[in-house]
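**Student:** Structure incoming, see below.
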Amino acid sequence: MKDSHNRQIDYMRISVTDRCNLRCFYCMPEEGICKMDHRDVLRYEEIMEIVCQGTKLGISKIRLTGGEPLVRPDIQDLIKGIRGIKGITDISLTTNGILLSQMAGGLKEAGLDRVNISLDSLSAVRYRHITRAGDIDRVFQGISACMENNLKPVKINVVIMKGINDDEVEEFAKLTKILPVGVRFIELMPVGHASQWFNDRFISTDEVMKRLPGLMPEDKVRGSGPAVNYKIPGAIGTVGFIGALSHNFCESCNRIRLTADGKIKPCLHSDIEVDLMPALRQGKGELIDVLGRAIGLKPRKHRMDDLSVADGKRDMYQIGG
Ligand code: SAM
Ligand code: SF4
């Protein structure tokens, strides 16, 4: 279906949980989170019903995210269920990678196509500091497991932050010389509590690119995703840039987001939310109509460049990135 700004909406990002086995300092508060009540979290059959109705409106691509999607029990069952829905052509997952080494085979078997792995440092000490808990070796083992199980292409998401990890840009890019991965540098976004220190840590895509002279453009035209991709001559992987703020890509946005508690967020950085629960659980209205209304509410563009209208309602772990 097209939204009211003539964009074709075919992609749904589904946050399956607000829980996580890490505590990345820019995503979650240090003191931990006030977890959603189990009763408020969508059951797998409810998610499948939403996806099913979504396909009737043109949704064909699904990404599972969180919190950390791999901590939700039996996530393979959900993947299997979604795989069986007519009209779904692509299922991907965004994860911190900690549990991937033991789960990659089962995820592939269930029908997962590919994986994006978040990794903000190549140094074990710094990684532990950023995530407040993580063991980087497990992430590397997870990356290998994805390759072995044909969950390809593996993309590595790096949120670049001034004074935190911006001295690792070259090192990350060099990974693409030895691994067939897509390393993507993502601009920090002023979402949730990251808004407080956003100005001190933000570094633009253009600044990051200046540190990587000699990149060759890989995409002539941007694909359906927001990344613009390049290659180091001779490398086997690619280097991409997602400049949500400095290179606004709202004009070609094709996505909606479903939160773990059953709200559709038509835009990442907007307080607009449409609750699917009344239609799902109380039979108040048709689910497909509520979904269609949510798509219709999608704003023309986000307002991340104006910190005074920052979305204060949810942190990123409650949205899914
Ligand atoms: N736990 C999974 C993971 O870390 O990949 C999935 C959920 S996480 C919220 C999804 C993505 O959002 C991660 O790549 C994370 O780095 C990114 N993210 C979180 N907060 C962000 C922020 N303020 N700006 C930009 N990206 C952010
Ligand atoms: Fe957890 Fe992902 Fe947020 Fe890190 S970015 S705290 S791994 S949800």
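The values are calculated or read from the model by the stated rules, or taken from the named source; none is laboratory data. The structure presented is a predicted model; accordingly, all values stated were derived computationally and were not measured. Backbone-built Cβ (ideal geometry, glycine too); neighbour counts: all protein chains shown. To get the accessible areas, we keep the full protein, side chains included, count just its heavy atoms, and leave off ligands, DNA and RNA. Shrake-Rupley method; radii C 1.70, N 1.55, O 1.52, S 1.80 Å.
**Student:** If you project the alpha carbons of the range 11-319 onto their three principal axes, what span does each projection cover, largest first, in Å?
**Tutor:** That gives 56, 45, 43 Å along the principal axes, largest extent first.
**Student:** Excluding residues on the same chain fewer than 8 positions from LYS313, give the lysines whose Cα lies under 19 Å from its Cα.
**Tutor:** LYS35, LYS263, LYS265, LYS298, LYS301
**Student:** Indicate, rounded to the nearest 5 percent, the antiparallel portion of the DSSP beta bridges found entirely in the range 11-319.
**Tutor:** Bridges in the range 11-319 are about 20 percent antiparallel.
**Student:** Taking amide H atoms as placed 1.01 Å from N in the peptide plane, list the residues 5 or more away in sequence, or in a different chain, whose amide H sits under 5 Å from that of LYS231.
**Tutor:** MET216, GLU218, VAL239
**Student:** Then there is this: Hey, in the GNM for the chain with a 10 angstrom Cα cutoff, which one of GLU273, GLU49, GLU31 fluctuates hardest?
**Tutor:** Highest fluctuation among the options: GLU31.
**Student:** A further question follows. Cross-link partners among aspartates and glutamates for LYS162, C-alpha distance below 16 Å, same-chain residues fewer than 8 apart left out?
**Tutor:** Cross-link targets: ASP120, GLU170, GLU171, GLU187, ASP200, ASP206, GLU207.
**Student:** Report the trypsin sites (Lys or Arg not before Pro) located in the range 129-220 that are in a DSSP loop and have at most 15 other Cβ atoms inside 10 Å of their Cβ, or state none.
**Tutor:** On the way: sites: ARG132, ARG138, LYS155, LYS162, LYS174, LYS177, ARG184, ARG201, LYS210, ARG211, LYS220; in loops: ARG132, LYS162, ARG211, LYS220.
Those that pass, being in a loop and sparsely packed, are ARG132, LYS162, ARG211, LYS220.
**Student:** May I pose another question? Using C-alpha positions alone, give me the convex hull volume of the range 7-85 per residue in cubic angstrom.
**Tutor:** Measuring per residue, one finds 108 Å³ for the Cα hull of the range 7-85.
**Student:** Here is a further query. Ranked from highest to lowest mean number of other Cβ atoms within 10 Å per residue, what is the order of the peptides 89-97, 291-299?
**Tutor:** Per-residue mean Cβ counts within 10 Å order the peptides as 89-97, 291-299.
**Student:** Nearest 20 debye, what's the magnitude of the dipole of the chain about its Cα centre given +1 on Lys and Arg Cβ and -1 on Asp and Glu Cβ? Before the final figure, lay out the partial values.
**Tutor:** Details: 46 positive and 42 negative charges, 137 e Å.
I would put it at about 660 debye.
**Student:** Sequence-distant or interchain residues sharing an amide H contact under 5 Å with ILE14, placed H: which?
**Tutor:** Answer set, sorted by chain and number: ARG63, LEU64, THR65, LEU258.
**Student:** Which whole-Hz couplings ³J(HN,Hα) result when phi for each residue of the range 183-197 is put into the Karplus expression 6.51 cos²θ - 1.76 cosθ + 1.60, θ = phi - 60°, listed in order with x for Gly and Pro?
**Tutor:** For the range 183-197, the Karplus-derived couplings read 8, 10, 8, 10, 5, 4, 10, x, 10, x, 6, 5, 4, 4, 10 Hz, x marking Gly and Pro.
**Student:** What's the extension gain from ASN248 to MET277 if we count 0.36 nm per residue and subtract their Cα-Cα distance?
**Tutor:** On the way: separation 29, 0.36 × 29 = 10.44 nm, distance 3.19 nm.
Full extension of this stretch gives 7.2 nm more.
**Student:** Taking only DSSP H segments of four or more residues, each worth -39500 (n - 2.57), what value at 222 nm results for the chain once the sum is divided by all its residues, to the nearest 500 deg cm²/dmol?
**Tutor:** Here the helix-only value at 222 nm equals -8000 deg cm²/dmol.
**Student:** Measure off, as a whole percent, the carbon and sulfur share of the 1.4 Å-probe accessible area of the chain, all protein chains present.
**Tutor:** Here carbon and sulfur together make up 50 percent of the probe-accessible area.
**Student:** Show which aspartates and glutamates lie in cross-link reach of LYS152 when reach means a straight Cα distance below 17 angstrom and same-chain residues fewer than eight apart are skipped.
**Tutor:** Partners found: ASP90, GLU109, ASP113.
**Student:** Let me ask something else. Quick one: 3J(HN,Hα) in Hz for the range 157-167, Karplus 6.51/-1.76/1.60 with θ = phi - 60°, rounded, Gly and Pro as x.
**Tutor:** 8, 10, 7, 8, 10, 4, x, 10, 9, 6, 7
**Student:** In percent, how large is the relative contact order of the chain, given Cα pairs closer than 8 Å and 6 or more residues apart?
**Tutor:** About 21 percent, as a whole number.
**Student:** Further question on the same structure: Most mobile of ARG72, ARG257, ARG19 per a Gaussian network model of the chain (Cα springs, under 10 Å)?
**Tutor:** ARG72
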